[in-house]
Every structure is written in C-alpha cells, then in structure tokens.
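Since the structure comes first, as structure tokens, the remarks are kept for the end.
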Amino acid sequence: MVKKDIYILGIESSCDETAAAVVKNGREVLSNIISSQVPIHRKFGGVVPEIASRKHIENVLPVIDEALKQANVGINDIDGIAVTYGPGLVGALLVGLSAGKALAFALDKPLLGVNHLEGHVFANFLVDGELEPPFMALVVSGGHTALMKVKDYNNFELLGQTRDDAAGEAFDKIARVMGLQYPGGPEIELLAKDGNPMAIDFPRALLDQSYDFSFSGLKSAVINYLHTEKQAGREINRADVAASFQAAIVDVLVKKSVHALKASGLKKIVLAGGVSANKTLQAELAAAVEAIGVTLVHPKPVLCTDNAVMIACRGYYKFLNNEFSGMDLNADPALKLG
Ligand code: KG4
Ligand code: ZN
C-alpha cells in the first residue's frame, strides 16, 4: 500500500507575528505566511500585549486562508491542526489557539498543541533533511535561553536555562538604552559590524560548571559603562559598545554549548530562536564546535524568528506519535521546555 502523505496546518500567535503554514510529511514547506506586527510595536519600543491580541484577531483567518491558498491545499485535505499554546503572551496565544480549536472541531481533525520553544528547535528539520535526533539544542529567543538534549522527536531533557534575562531580552534592553529601535538584536548586530569586540571588557557570567545562564549582570555593566562615560563627558564609541556587548553574550553561549557537548558526547548541535539569526553567534559557535568534532545546524533566516512552519513540523511528529490534544487545551503563557 502506498503511504498517504500527511498535511499539517500550523498556526502561531504567541507574540507579535500572526503566522500560518502548510507542511507536507513534516519536512516539505508548502506555504509560510507571516504577518508581522513589528512596525506597529516599534513606536512603543516593545510589544504591547493588548495591541498584539487585537492585531492577531484581525489577521488570523486571512493568514490561514492565504497559507492554504499558497499551498494549493483544501482545508479538508489537512490531516491535523498544529497550534502554539505556550509559552508567550496569554491574550496573543488565545487567538491562534481558539482559531485552531475551532477548525479542528468543525472539521473533525486532530488538534496538536505545540510548545513554541520546541517549534523553534524543529525549524532545523526544514534546513537539513538528514537531521535526526539525538542532538543538542541551544534555544536563544526573546523570552528564553536554554540548553537542551533532544533525545528523540518527542523526548527532551532540559540541561540549563537563564536565571534572569534571556539573550534576546538583553539585546532588546541594551538596544533601547542606546536609542536603537525594536527589536534590538538586528540593530545591535548591524552597529557591531563597525566596532571592536575587544574594546570593552564586559563581564561573562559562567556560573562554574552549571549549564544555567545569567545576563542581567552584563546588562547592568553596559548601562553603567554608558552612564559613567556620559558623566565624565567622554565620547562613546557606540559601535565598540555594541560589538563588545555582543561578544560577551556570544562568548557565554559558545562556552556553555561546548561544555555541554563535551559532557554529552553528542555530535550535532542546533541553534533555535530569534537570536539564532545572529551571524556572529552562528560563526563563533560553528568554529568552536567544529574544533571538537561537532557540526552546527541553524535555521534559514526566515525560520529563525517566529513562524508557523516550525509549529507544523513539531505538530507532524506529535501526529505520528498519536499525541493529540483535547478541546480543553488552554493557553499556557509559562509553558516549560523539556
Ligand atoms: O524567537 P523570537 O522571534 O521570538 C520569541 O520567541 O521570543 O525571538 C525574538 C528575539 C528578539 O529579542 C530579537 O531582538 C532577537 O530575537 N533577534 C536577534 C537577532 N534577530 C532577532 N538577536 C540578535 N541578533 C539578531 N540578528
Ligand atoms: Zn519565538
């Protein structure tokens, strides 16, 4: 018997992107629609939850329609509906989740509740068709920083996470202090290109042998530096500040990853989450892991930040594992990894 193709519709609305996508057999992207609210939130210097929820309500159905249209797939051909149910902003999550539940109920199709962070990890399956667990994952997003072992498609072990700010959050906060626009990561990366990463020796919190992270000390050090220089009337080299700050973050992420890889013996590591778009992080991590015989996989730029392809991909493996969600599935803003 010929194996039937499986079509999963993915829906994502955890923060400021309303997204829908259709993925065939877990790895073939048929459509990837993202309606970004970034220009709307930029005026406020960050995401305004109430505005995000309202925009998701306006966008969710048109985005789903467009994803089906571009994939050239009818709604009745969809085998399962994968939707993010956490972590994220509760009001934002509820919009995508309600749309997913309504569709699953009306069409009598399986509902697949997806953890947004697992979704980010699964974006890597769309880059490397050969990628199979086990591997290490470094998750670096706006709200999370974590190291995790992906033992198989449905089994994860959290090794460590941030005790305070996430890497992306630190980028956003420092960018804001420096008068750069939201989101701060790409802005800092751009400014850092003209700077010297060794100009200022910002602190690196390595927390001994732990796999946990801490970036709040670094954040305070950068703010203090800017303040002291201003008080002293010295001219600040903004590019040097951006490059030195970025170097401190990247250094910690790379050192912890190498430490975890050596201890685990795993031969592959994947990057996941918005900060994985950072070219310096990609290059430094690739070089450091190559030196210990490990390969790095990272998503294409469009799949580094929030999208629904990664949610459909994660949902596909839940579908294969018969891990279906009930209609009582609720949004969980603090949903944990692993
Ligand atoms: O994964 P994501 O799109 O949303 C969350 O799930 O949080 O990540 C957004 C975060 C923001 O903090 C943003 O500043 C950061 O990813 N980011 C970057 C870059 N592109 C996005 N950070 C550093 N360098 C980048 N190129
Ligand atoms: Zn995300």
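Here the Gaussian network model covers the chain, with springs between Cα atoms less than 10 Å apart; of 306, 16, 77, 77 fluctuates the most. Largest GNM mean-square fluctuation across 44, 324, 156, computed for the chain with C-alpha springs under 10 Å, falls on 44. Residues in region 325-335 carry Karplus couplings, in order, of 9, x, 5, 8, 4, 10, 5, 10, x, 10, 3 Hz; the curve used is 6.51 cos²θ - 1.76 cosθ + 1.60 with θ = phi - 60°, and Gly or Pro positions show x.
Our estimate of slack between residue 328 and residue 38, defined as 0.36 nm per intervening residue step minus the Cα-Cα distance, is 101.3 nm. Amide H contacts of residue 165 (H built 1.01 Å from N, in plane; Pro and chain starts excluded): 215, 216 sit under 5 Å, all sequence-distant by 5 or more or on other chains. Label positions at residue 237 and residue 190, each projected 7 Å from the Cα along the C-beta direction, are separated by 2.2 nm.
Quick one: with all protein chains in place, what share of the accessible area of the chain is carbon or sulfur, to the nearest percent (1.4 Å probe)?
C and S atoms contribute 53 percent here.
Per residue, the solvent-accessible area of the chain (1.4 Å probe, heavy atoms of protein chains only, all protein chains present) comes to 43 Å². Couplings 3J(HN,Hα) for region 296-303, derived from phi with the Karplus relation 6.51 cos²θ - 1.76 cosθ + 1.60 (θ = phi - 60°), are 9, 10, 9, x, 5, x, 5, 9 Hz, where x marks Gly and Pro. Within the listed set 188, 292, 11, the Gaussian network model of the chain (springs between alpha-carbon atoms below 10 Å) gives the highest mean-square fluctuation for 292. Under 5 Å from the amide H of residue 30 lie the amide H atoms of 22, 23, 24, each residue being 5 or more positions distant or on a separate chain, with H modelled from the backbone and absent for Pro and chain starts. Comparing Cα centroids, region 259-292 and region 208-228 end up 21 angstrom apart. Around the amide H of residue 16, modelled in the peptide plane, lies no amide H under 5 Å away from a residue 5 or more places distant or on another chain. Would you please name the trypsin sites (Lys or Arg not before Pro) within region 221-303 that are DSSP coil residues with at most 12 other C-beta atoms within 10 Å of their C-beta? Passing sites in region 221-303 are 234. Only bridges with both residues in region 133-298 count here: give the DSSP antiparallel percent, nearest 5. For region 133-298, the DSSP antiparallel bridge percentage is about 60.
In sequence order, region 234-246 has phi-based couplings of 8, 6, 9, 8, 5, 5, 5, 4, 4, 5, 6, 5, 4 Hz under the Karplus curve 6.51 cos²θ - 1.76 cosθ + 1.60, θ = phi - 60°, and Gly or Pro positions carry x.
The values are calculated or read from the model by the stated rules, or taken from the named source; none is laboratory data. Computed from a prediction, not measured in an experiment: that's the story for all the values here. Note: ideal-geometry Cβ built from the backbone for every residue, glycine included; neighbour counts use all protein chains shown. These area figures cover heavy atoms from the full protein model, side chains too; ligands, DNA and RNA do not enter into them. Shrake-Rupley method; radii C 1.70, N 1.55, O 1.52, S 1.80 Å.
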